[in-house]
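See structure below.
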Amino acid sequence: MNKTIAAIAIVLSPFLAVPGYGQLIVAHRGSSHTAPENTLAAFRLAWQEEADAIEGDFYLTKDGEIVCLHDKNTKRTAPGQTVLDVAKSTLAELRGLDVGSWKDKRYAGEKIPTLHEVLATIPLQKKIFIEVKCGPEITPILKKQLEASNLKSEQITIICFDEKVVRECRNEMPQYQANWLTSYKRTKERGVWIPAADEVVRRVKKSGATGLGTQGNTEVIDERFVDILREAGIELHVWTINDAKQARYFSGLEFESITTDKPAEIRAALPYPLK
C-alpha cells in the first residue's frame, strides 16, 4: 500500500467501520416466525440468521427463578397440557411442559428456558433486550443473575411497559440501558392517538429510561414525533416490524433498532449497513 492510499485509509477507517446509520436487528422472542417463541431453539436460530440482538419475555416463578415466557400462563404455548400460572408455579412444574410442539412437530420437547440458559446463548458483541413481564419484585434476582453472567453491561437492555419497573431497574442497575415501552390508542371523542409525543417524553423522563421502545404505528411515528424524542435525548427503538416497507420506513427515520419475528428477511430488506 503506498503512502497516499494508506493516508486515505486512515482517514476513512472510522467511517468504514461505522457507516452513516443503520439499525440493530432484534429477533422478537427469537426467530419466532419459524421457531417456537421464547425457546432456546428460537434464540439459536436468531443467531444463525445473524440477528444483532434477541428479545425475550421474563417472569419470576413461585420459587424465585426467572423464566422466559410471554403470557402469564402456559395455555397458548403449551396447548392440551396442564395450564400453569407462571407466578404460582415452580420451575420444575413449568419445565415439565412441551412448548415447542404447538409450532411444529420438529420442535417437540422444547422447554421453557431460564434466564441463565438464554444468556448463555449470546455470542460476543451481540445483545439481549430483556422484557420484564412482572413487577419490581423481580429486580433483586434479575440484578444478581445479570451481574453473574459473562455479558458486558453494554450487551444488556431492560425493557418494560411498567414505568415503576423501569425506574426500579434504573435505580438498582444503572449500568444497563432501559427502555420504556408503549403502544398507542385512538381516542373516541377526538380521534387522536395517545400518548402524544410530549406525553411520551414526560413518561420516559419520569421512569428514568434511557430509550423508548415504541409500537411501529406509522400513523403516530413521523418525523415530527422523532424530532421531539431526539431533542429530549431519547433513543428510539421500534417493534414488531415484519413488513419490508415498514422496516425501510423506520430505517429512514434512523431508529436505533428494529425488532422483528423475521430477522433474516428484515435484514435483507434494509438498504443501509449496520452501525
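Taken together, the values in this text are just the output of simple stated rules run on the coordinates, not laboratory data. Remember, predicted model here, so these are calculated numbers, not experimental data. For neighbour counting, all protein chains shown are included, and Cβ atoms are generated from backbone atoms with ideal geometry for every residue, glycine included.
Some notes on this structure:
- Looking at the chain, the DSSP beta bridges with both ends there are about 20 percent antiparallel.
- Distance between modelled label sites at ASP63 and ILE141, nm, 7 Å Cα→Cβ extension: 1.1
- Here the scattering of segment 48-182 is modelled by Debye summation over its C-alpha atoms, one equal scatterer each and no solvent; at q = 0.17 Å⁻¹ the log10 of I(q)/I(0) is -0.94.
- Fluctuation leader among LYS143, LYS133, LYS105 - the chain, Gaussian network, Cα springs under 10 angstrom: LYS105
- Rounded to the nearest 20, the Cβ-based charge dipole of the chain about its Cα centre (Lys and Arg +1, Asp and Glu -1) stands at 80 debye.
- Ratio Rg/Rh [Cα only; Rh per Kirkwood] for segment 166-220: 1.07
- Beyond 17 Å, the tail of the calculated P(r) for segment 231-275 holds 24 percent of the Cα pairs.
- Intensity falloff of the chain expressed as log10 I(q)/I(0), Debye formula with alpha-carbon point scatterers, at q = 0.15, 0.16 Å⁻¹: -1.16, -1.29
- Long hydrophobic helices in the chain, taken as whole DSSP H segments with a C-alpha length of 18 Å or more on their own axis and mean Kyte-Doolittle hydropathy at least 1.0: 3-17.
- In the chain, helical runs assigned H by DSSP with n ≥ 4 each contribute -39500 (n - 2.57); averaged across all residues and rounded to the nearest 500, the mean residue ellipticity at 222 nm is -9500 deg cm²/dmol.
- Cα-based shape type of segment 203-242, given that a ≥ b ≥ c are square roots of the gyration tensor eigenvalues and the cut on a/c is 1.5: oblate
- Size of segment 118-188 from its Cα atoms: along the principal axes, largest to smallest, the extents are 49, 24, 18 Å.
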